Each structure stands twice: as structure tokens, then as C-alpha cells.
């Protein structure tokens, strides 16, 4: 057989012929599963261990399941969460000190996003749907992930960036609040700049929150900076909050709050060995007296709960008699490898107006963190002129 015919026969043989790969139209789609199970138990005592009276103890459970999608400039997240718990029964119905909060299922994330990096260091992204936002590690804008439900918002966000400058416009509504649904919606505006290098980073933002259904609007100026060297690390941050009343009747006295902190520590190569942090929170007044968050901050404003002591003794504006709160804090963290930390916190509390000493709290926390598992255990003790409250908590989280 002539050589050309032999090559043709071999190419046509079913045993040897190779199928052509399917055509590729743009980048391949990527699906990433999302799964999380978390349980938290906390036990607090009042009037000391001798009386053995439980106060504000609870057992909480949360689970999340969903997926993330990515194809070219298109991103999406669809995640459902279920949460329930055994919590104190304030009405003492049927003589039971605790009541089971029935399981609730809802969307935690349900958004689609288109984002694009453009020439000349330009960037644009549009995100629509149920989403969360965080800024400055929760000190400026927070998603409240420590709670079971967290804080999500339904709306449209537009993000722009040019070099070190960035701009965010976000309009959202609370679909569980009829007044919010029928109003123009709440608006978040962030204008800022940031720069990150090998050894340093700094970040400055001017934030405005226009609350269509709340008593006041909020403006925030925040700056932070950090440095990390071969043998040490440190940083500073400061956030100044001010408000303007929507109506004259809604005006509150003392509408400026200040959150500030500085930290430093010892570093050995890529591993931090010890970090000391001195923090001072001055919550001059309560932006929303009906709020159950420290300082009366409304969502999506900062997550102060974890900075206010594990016990949350002053977790609501009413707890300080609507006189604001001064909370200096000293934190020492020993980093025992990349996954294990030991943390010791000391807090002291005074009222901001008509200064009055309220007490102090000491927290000892052990924490293990990895990509799949996170374990935390804490012991804490609160002393006040009128009461002593010890307690402990344990939390386990598993996720993909």
C-alpha cells in the first residue's frame, strides 16, 4: 500500500483516531460549594457562683449551604441558612426558664455580580441581590457574623476604583420592614483611598449612611494604617461618627462617637508571636435608643459586640441608662503557631455623660483556626459595685 494511503487508513481507524476536543467559548464555569455548621453554647451566672443562678445562657445552632459561581466577569452566590436556639424565656411562660426558638430558613446570600478590570487601573463592579458588606474589619461597616442570623441587605451596589481611590454607592431596603420597602431605601456612600505595600498598608474612608426609616443619618470618617517588619508589627486606627437628625423631633443629644486603637507586637519572619492592643471606644450617645447593639448603631454600622466584652453586659443603650459608654480595653494575644491563639482582654466601663464607674471585665479566650475547622473557648468574669458575673462559652464551626 502506498505510504499516503497507509497514513490515511491509520487516521480513519476507530481504534486509533482521536476525537477533536469540544470548542471552548470563553472561560470555563466554576462552581464552589459553600457549607457551614456552627454551634455555640454560653453560660453566665449572676450574683456569683454561690447562688448559681443562670443568666442570659443560651445554646445556638446555625447551618449554611449553597454555592458560588464564576464565569468570566460574572460572579454569583446562592446560600441558604438555617438557625435556631434555646434562649432565656423572659416571660417565664409555663414556668419554663428557657424556650426553643423554632428553626428558621432564609437566604443568607443571593446575589449576582458583574465586575471588570479596565485599562489605566480602572475597576467597576455592579452587585444586585441579598449581600453583606464589611469595611475596616467590622469597625466601620459590619456583617455581624458573630450572631446567628448575621446582617444582610437587599439592594444594588456599584463599586468604582481608579488607582488608590475607590467609590461605593449602595442602596438597600429591609423587606421585613414595610416602611423601608415603600421608602426610597437606605443609602450607603463610601469615598476613600487605600494603598498596600509589602511592609505596610493604609486606608482612609469617608462614609455616609442615609437611613430612610431611622431617626438620624450618619457620617463616619475612618483612617487606619499598619506596618509589618521582620521582627515587629504595629498600627493605628481611628473612626469618628457624627449624626444629623432627619426631623427636629428625632434629634438626640451628644451625637459624636469615637473609636480608636493602637497595636504592636513581635514578629519572627512570617509568623506573629505576640500582639498587644490598646483600644478606646467613646460612645457619646445612642443613635437609636431602641437598638440592641452597643452604642445604638444600626446596621450596617460597626460590630462592637466582640469589642465590648464576651458577656455583653452593656450591649444595649438602656444598659448604661442612655448615658453613653466609655470602654478602654487592653488586649494581649499570644500566637502559638499559624492556627492557635491565646487571648487575654481587660475592659473597664464608665458612662460617657455624668461619668459613673460601671465595672470591669476580664476575658480569657483560646482559639484554634484552620481552613475547615474553627474552635473557640472562653472564660470571663465581670465585676461591678453591685454584682459579679462569671461565665464561659464554647463555639465550634465547620465549613468548606
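The values are calculated or read from the model by the stated rules, or taken from the named source; none is laboratory data. Only a predicted model underlies this, so the values are computations on that prediction, with no experimental measurement involved. Here the Cβ positions follow ideal geometry from the backbone for every residue, glycine too, while neighbour counts run over all protein chains shown.
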Practice task
Starting from residues that are touching a strand residue (DSSP E or B) at 6+ places or on another chain (Cβ under 6 Å), within 17 Å of residue 218 (Cβ to Cβ) and not in a strand (DSSP E or B), keep the ones in segment 168-189 and report whichever is modelled with the lowest pLDDT.
Solution key: 180
Exercise for the section: Among the residues of segment 190-213, write down those that are part of a strand (DSSP E or B), at pLDDT below 90 and either surrounded by 15 or more Cβ atoms within 10 Å (Cβ to Cβ) or touching a strand residue (DSSP E or B) at 6+ places or on another chain (Cβ under 6 Å) (or both). Expected result: 207, 208, 209, 210
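Take residue 38 and decide whether it is at pLDDT 90 or above and surrounded by fewer than 16 Cβ atoms within 10 Å (Cβ to Cβ).
Values: at pLDDT 90 or above: yes; surrounded by fewer than 16 Cβ atoms within 10 Å (Cβ to Cβ): no.
Judged against the criteria, residue 38 is not a match.
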Handout entry: Every pair of residues 6+ apart whose Cβ atoms lie under 9 Å, when the first sits in segment 265-279 and is within 13 Å of residue 341 (Cβ to Cβ) while the second is modelled with pLDDT under 95 and in a loop (DSSP other than H, G, I, E, B)
Key = 271/337; 271/338; 273/336
Exercise for the section: Name the residue, out of 241, 305, that is surrounded by fewer than 21 Cβ atoms within 10 Å (Cβ to Cβ) and at pLDDT below 85. Expected result: 305
Exercise for the section: Output the strands (runs of 3 or more DSSP E) that fall wholly within segment 60-167 and possess 3 or more residues being over 29 Å from residue 238 (Cα atoms), or say none. Expected result: 74-88, 98-118, 122-131
